[in-house]
Structure formats: C-alpha cells, structure tokens
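Read-outs: derived from the displayed coordinates by stated rules, not from any lab. Here the structure is a predicted model, which means the values were calculated and not measured. Here the Cβ positions follow ideal geometry from the backbone for every residue, glycine too, while neighbour counts run over all protein chains shown.
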There are 2 protein chains.
Amino acid sequence: MKQIHLFQANDFSEKGMKRFLVHDSPYFKILNFNFLPGQSLPLHAHDVEGQVSLLILEGEGEYLAGEEQTIPVAPGDIVICDIAEPHGLRARSSMRVLVTIAPPI
Amino acid sequence: MKQIHLFQANDFSEKGMKRFLVHDSPYFKILNFNFLPGQSLPLHAHDVEGQVSLLILEGEGEYLAGEEQTIPVAPGDIVICDIAEPHGLRARSSMRVLVTIAPPI
C-alpha cells in the first residue's frame, strides 16, 4: 500500500506540462500532469490496445478529441478513451490532471 | 471516448455509501463512491490479482489498512494497494472518491 499527496508531490513549470509518475505496475500506470494556462498535451495516439482515463483535479481547459474538436473540462470531469484514439489536453487556467493507463504503456 | 461529470452523475444517500459505475471495460473498472460523514466502505480484501487506486476528490476521512490501522486522507490524496490487501474507507466529512480497479473484478 502506498499513499501520495498529489498536490505536494508535483508542481508547475514555465517550460511546459509538468509530469509526475505516481505509480507503475503490471496492472496500470498512473501519472499526474500539471499545466499552466496555455500549456498542452498535444493531440496524439498510440497504436496499442488499452484505455486511458483523464480526471480533472483542479483548473479548467479543453479535452482535444480531434484537430478541430475540443470539449470543455472542469474539476470532477473524467474522460475515458482508447489509447489508439487521438487525445490531448489544453489548459485555460492552472490545471491538475490524473491520468490512468491500463494496461501500462 | 466518453466524458462524465462526476459531481453531477452521483449524489449522496442517508442509507449508506452511494456507488456509481463510471466505466467498465476489459482494461479497468472505474467507480465513484460518495460518503456522508460517518459512512464507510468496511475493511475487506479480494483473493485475486490486481491493484486498486483510491483518489479523494472531496472531503476528508480515513483509509483503513487494517483492524487498528487508519491513515488520514484529504483531497488530492491517492492510495494504491493490491486488491488482495485489506483496504477500506471511512468518511469524516462528505467525501467523494474515485476508485480504479485493474484488471476489473
């Protein structure tokens, strides 16, 4: 069993999205991505089986589902997609996101 | 791709912990458990392989790790354990928790 205080474990960077590895096991990989306003995880996809969940912990932004397809996200929103589907995020305010990938890649 | 607004999708119940199935797939099962003060998910374990993550979205309480072993939890805290390890939760204030189980059971 392990406990992590996400708000203490990771901060923000002017250089770009700040990535923190929360957990990696044969079952899932858990990451915390922190964004300053305007920072993004560009639209991308991986040609592997599995799914990813993106949970907004703090802040507001947009989920990127395609080149011209954006969906507003706010705290308490969760988005789930196949890893092979295009996905990304862009922050409007300082935004903290929990990312869970299963199986881990 | 699907999006769920957790704070709108699930509420609280005087009868006990309010459970909401967010997602179920071959890769992971995602649930939202809401507790009123004093409500709990009793200490339990499942004799299967895999891990569970418990993320506190709102409220405060205690993670139950054993009969006499409790750990305070607050928003932004994540606890990860084997499904076979004893685990549980008890709420001190109204508490919302996201639970991810991989592989799904």
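Here are the numbers for the structure shown:
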{"quantity": "Vicinal HN-Hα couplings computed from phi for the range B:16-28 (Karplus, 6.51 cos²θ - 1.76 cosθ + 1.60; Hz; Gly/Pro x)", "calculated": "x, 3, 9, 9, 9, 7, 7, 6, 9, 8, x, 9, 7"}
{"quantity": "Nonlocal amide H pairs with A:H23, under 5 Å, H built at 1.01 Å", "calculated": "A:I30"}
{"quantity": "Cβ-vector label at 7 Å, B:E85, separations to other copies in nm", "calculated": "3.2"}
{"quantity": "Residue of A:Q51, A:Q69, A:Q39 that the Gaussian network model of chain A assigns the largest fluctuation, springs spanning Cα pairs under 10 Å", "calculated": "A:Q69"}
{"quantity": "Contour minus Cα-Cα distance for A:S25 and A:F7 (0.36 nm per residue)", "calculated": "4.3 nm"}
{"quantity": "Where N is the number of residues in chain B, Cα Rg divided by 2.2 N^0.38 Å", "calculated": "1.02"}
{"quantity": "Using a 7 Å Cα-to-Cβ projection, A:P104 label spacings across copies, nm, ascending", "calculated": "2.2"}
{"quantity": "From the C-alpha gyration tensor of the protein assembly as shown, square roots of 5λ in Å", "calculated": "27, 19, 16"}
{"quantity": "Value at 222 nm in deg cm²/dmol, rounded to 500, when DSSP H runs of n ≥ 4 in chain B each add -39,500 (n - 2.57)", "calculated": "-500 deg cm²/dmol"}
{"quantity": "Karplus (6.51, -1.76, 1.60) ³J(HN,Hα), θ = phi - 60°, over the range B:84-101, in Hz, Gly and Pro reported as x", "calculated": "7, 7, x, 8, x, 9, 9, 9, 9, 10, 4, 10, 10, 10, 9, 10, 10, 10"}
{"quantity": "Candidates B:D47, B:D77, B:D24: whichever shows maximal mean-square fluctuation once chain B is modelled as a Gaussian network with Cα springs under 10 Å", "calculated": "B:D47"}
{"quantity": "Exam field: B:A74 pseudo-label spacings to other copies (7 Å along Cα-Cβ), nanometres", "calculated": "2.5"}
{"quantity": "Links that overshoot a 30 Å alpha carbon limit, given the list A:K15/B:K18; A:K2/B:K29; A:K18/B:K18", "calculated": "A:K15/B:K18; A:K18/B:K18"}
{"quantity": "Contact order normalised by residue count of the range A:18-102, Cα under 8 Å, 6+ apart, percent", "calculated": "42 percent"}
